[in-house]
Amino acid sequence: MTTARPGKSRHNRALPLVLLSAGLVVMAAPFVWMGLASFKTAPELSASPPVWIPTEWTLENFSELLDKLDMPLYFLNSVIVATLVTVGNLLFCSMLGYALAKLNFAGRSQIFALVLGALMVPGNLMLLPLFVLMSRMQLLDTHAGLVLPFAAGAFGVFLMRQFMLSVPDEMLEAARIDGAGEWFIFWRIVMPLVKPALATLAILTFLQSWNNFVWPLIATNDPDKYTLPVALATFATDPNQADGSNGVLMAGSFLVVLPVLLVFAVLQRYFTQGFATAGLK
């Protein structure tokens, strides 16, 4: 019987740690730079070599951003759209996932195959049909037109079905024998057991909806309905406003990223638990 040498064991543990730390630095560096640049003065933003830590912290970029853009309105639009899309996915994807996982009905396998097929369709292919549909329903330039096309997604249905398969059938049968209906079983038994999956779906859906740029750009012509990414991109491409406003653009980008970081910080425990549970299946 051979035993590993202590020096070799420490080396084997240190190498993954070094690689992961290097990857973390590479991924986090742009976000750290963006956050610090939001508080820099114009000379420090254009300094060569670059200055990482501001020597003179200022809120002038945020003040100028609020003067040039109606940030409260755009922020509210993004919050409304992202929240409604997230709630819609949590509700509808959970309901369909429960039906596909725990209910026996004709066509269940075909519906699940359709869900898997939808996962393979690139999202950009759906932009034109969605635009025509929303136009005929007269929902362009409305919050409903931004929410309804994404109120439920194939990935969310697949994710919730896979998690709900792990709920013991015996528990549900016992509830049915006691006289519980399917609605009661769904809300009071199944949903509390899949909280990690719900948190995972909430984070991914909110992130995707908050950062969604192409569809809001296509579906809105009224500036009062712009979301934050569209408003900031419109500002950045306007030479009459954005010329020499790198600090303002950094401040705007920082405000776009901040809510996503806050949502992840609140739900990250369930998010991590969800992926850990998925790995055990």
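Count Lys and Arg as plus one, Asp and Glu as minus one, and take only other residues whose Cβ is under 15 Å from that of ILE185; the net charge is then -2. Considering helices alone, the calculated mean residue ellipticity of the chain at 222 nm is -22500 deg cm²/dmol, with DSSP H runs of length four and up weighted by -39500 (n - 2.57) and normalised per residue.
With respect to the chain, whose longest principal axis is taken over its alpha-carbon atoms, helix 71-102 is tilted by about 20°.
What FRET efficiency do you get for VAL132 and LEU193 if R0 is 51 Å and r is their Cβ-Cβ distance, rounded to the nearest 0.05? Could you put the intermediate results ahead of the total?
Working: r = 41 Å, r/R0 = 0.80.
The computed FRET efficiency comes out at 0.80.
In this entry, the chain is assigned a mean projected area of 23.5 nm², taken as a quarter of its C-alpha convex hull surface. The C-alpha atoms of the chain define a longest principal axis, and helix 6-37 lies at about 60 degrees to it. The Rg/Rh ratio for the stretch 155-274 is 1.20, where Rg is the radius of gyration of the alpha carbons and Rh is the Kirkwood radius. The stretch 152-204 and the stretch 112-132 have Cα centres lying 25 Å from one another. Spin-label model, TRP183/LEU262: points 7 Å from Cα along the beta carbon direction are separated by 3.5 nm. When only Cα pairs below 8 angstrom with a gap of at least 6 residues are kept, the chain shows a relative contact order of 29 percent.
Charged neighbours of GLY145, selected by a Cβ distance under 14 Å, balance to -1 (K, R count +1; D, E count -1). The Cβ shell under 15 Å around ILE111 holds other residues with a net charge of +3, Lys and Arg each +1, Asp and Glu each -1.
Compare the peptides 123-133, 47-57, 223-233 by average per-residue count of other Cβ atoms within 10 angstrom and give them in order, highest first.
Values: 123-133: 12.4, 47-57: 10.4, 223-233: 20.7.
In descending order of packing, they fall as 223-233, 123-133, 47-57.
Share of pairwise Cα-Cα distances greater than 23 Å in the stretch 34-157 is 58 percent (whole percent). Could you work out how far helix 154-164 tilts from the main Cα principal axis of the chain, as a 0 to 90 degree angle to the nearest 10? Long axis of 154-164 versus the principal axis of the chain: about 50 degrees.
A short reminder: the numbers here are calculations on the coordinates, not readings from a lab. In this text the structure is predicted, and so the values were computed from the model without any measurement. No Cβ is skipped: glycine too gets one built from the backbone with ideal geometry, and neighbour counts run over all protein chains shown.
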